[in-house]
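A short worksheet on the structure shown next.
The values are calculated or read from the model by the stated rules, or taken from the named source; none is laboratory data. Source: prediction; values computed, not measured. Using ideal geometry, Cβ is built from the backbone for each residue, glycine included, and neighbour counts are taken over all protein chains shown. We work out accessible area using only protein heavy atoms, side chains counted, and drop any ligands, DNA or RNA first. Shrake-Rupley method; radii C 1.70, N 1.55, O 1.52, S 1.80 Å.
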Amino acid sequence: MVEPLLVVDAANVVGSVPNGWWRDRRGAAVKLRDALAGLGEARSVEVVLVVEGAARDVPPIPGVRVERAPGSGDDAIVAVVAAGRAGDRTVVVVTADRELRDRVTALGAEVTGPRSLPYP
């Protein structure tokens, strides 16, 4: 059986917490990535963190694959979902972005909000 795929909209998740993330977008993305590290093992899922802009150079770590959006983070998330849905794999996207929610649910993904994650 293929592990479910958890796709995290980094910009949206870090932006959901008013903790000063805007002063250090890369640092906020690193903090989120690190918080996600044990999630894959705990829930038996593949975790993909999609980063963009100032956070684009955040490196992957064991347990968290990092996808760097060359442009729109939403477009990169849709591409990850489309690739992940091949073979009817369960894909869950973490975002509160309404337009993105519509785009990924049209591809068969499930969606949950930022509060479902261990962040901050």
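Just a few scattered comments:
- Qualifying residue in the range 27-43 (condition: charged (D, E, K, R) and closer than 21 Å to Val2 by Cβ): yes
- Hey, Leu117 hydrophobic (A, V, I, L, M, F, W, C) and closer than 20 Å to Glu3 by Cβ or not: yes
- Any hit, the range 92-102, residues being of a type in the set (Gly, Ala, Ser), surrounded by fewer than 16 Cβ atoms within 10 Å (Cβ to Cβ) and part of a loop (DSSP other than H, G, I, E, B): no
- If the condition is being modelled with pLDDT of 95 or more and either open to solvent by 30 Å² or more (accessible area, probe 1.4 Å) or part of a helix (DSSP H, G or I) (or both), then the range 1-13 contributes Ala10, Ala11, Asn12, Val13.
- Hey, Ala79 open to solvent by less than 70 Å² (accessible area, probe 1.4 Å) and at pLDDT 95 or above or not: yes
- Taken as a whole, the condition of being closer than 11 Å to Val7 by Cβ, surrounded by 21 or more Cβ atoms within 10 Å (Cβ to Cβ) and not aliphatic (A, V, I, L, M) does not apply to Thr112.
- The range 18-45 residues that are modelled with pLDDT of 90 or more, paired with ones that are among the acidic types (Asp, Glu) and surrounded by fewer than 17 Cβ atoms within 10 Å (Cβ to Cβ) (beta carbon under 8 Å, 6 or more apart): Arg26/Asp57; Val45/Glu3
- Residue within the range 20-32 that is under 25 Å from Arg85 (Cβ atoms) and either touching a Phe, Trp or Tyr at 6+ places or on another chain (Cβ under 7 Å) or acidic (Asp, Glu) (or both) present: yes
- Given (1) open to solvent by less than 30 Å² (accessible area, probe 1.4 Å); (2) more than 22 Å from Pro120 (Cβ to Cβ); (3) among the polar types (S, T, N, Q), number of the condition Ser72 does not satisfy: (1)
- The number of residues in the range 22-59 that are open to solvent by 50 Å² or more (accessible area, probe 1.4 Å) and in a loop (DSSP other than H, G, I, E, B) comes to 6.
- Any hit, the range 15-28, residues being more than 29 Å from Asp88 (Cα to Cα) and among the aliphatic types (A, V, I, L, M): yes
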